[in-house]
1. If you check Leu25 against the conditions, is it out of contact with any Leu (no Cβ under 7 Å at 6 or more places or on another chain), modelled with pLDDT of 85 or more and surrounded by 13 or more Cβ atoms within 10 Å (Cβ to Cβ)?
2. Within the stretch 41-58, is even one residue of a type in the set (Lys, Arg), more than 14 Å from Gly5 (Cα to Cα) and either surrounded by fewer than 12 Cβ atoms within 10 Å (Cβ to Cβ) or in contact with a strand residue (DSSP E or B) (Cβ under 9 Å, 6 or more places away or on another chain) (or both)?
3. Assess whether Gly60 counts as being at pLDDT 75 or above, of a type in the set (Gly, Ala, Ser) and out of contact with any helix residue (DSSP H, G or I) (no Cβ under 9 Å at 6 or more places or on another chain).
4. For the stretch 35-44, does any single residue satisfy the condition of being more than 23 Å from Gly60 (Cα to Cα) and of a type in the set (D, E, K, R)?
5. Report, by residue number, each residue of the stretch 1-20 that is hydroxyl-bearing (Ser, Thr, Tyr) and buried (at least 16 other Cβ atoms within 10 Å of the Cβ).
Amino acid sequence: MSPDGSFLAAPSGSPEDGGITLWALPSGKELISVPTGRTHAADIAMHPDGRPLATSASDGKTYSTVQLWNIKRRTP
């Protein structure tokens with residue numbers, strides 16, 4: 001959850017074709033869904049200011065990945 005409570009980041013997709021979805025709170029409206037690659041995002045962490053978002057994934061055998069996502073807020 002973002003520090004200000006305005007959105008939630010959650011893993012989405014399947015273990016073979018993973019992604020991250022951002023949900024607006026409290027409405028529950030999907031803001032965006034982005035692919036993370038061949039593996040499912042296992043861990044999600046957010047900086048105290050709400051960006052960047054970090055995800056980690058591992059195939060459990062040979063490699064692990066960490067991705068950083070810059071979350072930009074849209075103005076109405």
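The values are calculated or read from the model by the stated rules, or taken from the named source; none is laboratory data. The structure displayed is predicted, hence computed values, not measured ones. Virtual Cβ from ideal backbone geometry, glycine too; neighbours counted across all protein chains shown.
1. Criteria not met by Leu25.
2. No, because not a single residue in the stretch 41-58 is of a type in the set (Lys, Arg), more than 14 Å from Gly5 (Cα to Cα) and either surrounded by fewer than 12 Cβ atoms within 10 Å (Cβ to Cβ) or in contact with a strand residue (DSSP E or B) (Cβ under 9 Å, 6 or more places away or on another chain) (or both).
3. Spelling it out, it is not the case that Gly60 is at pLDDT 75 or above, of a type in the set (Gly, Ala, Ser) and out of contact with any helix residue (DSSP H, G or I) (no Cβ under 9 Å at 6 or more places or on another chain).
4. Within the stretch 35-44, none of the residues are more than 23 Å from Gly60 (Cα to Cα) and of a type in the set (D, E, K, R).
5. If the condition is that a residue be hydroxyl-bearing (Ser, Thr, Tyr) and buried (at least 16 other Cβ atoms within 10 Å of the Cβ), then Ser2, Ser12 are the ones that fit.
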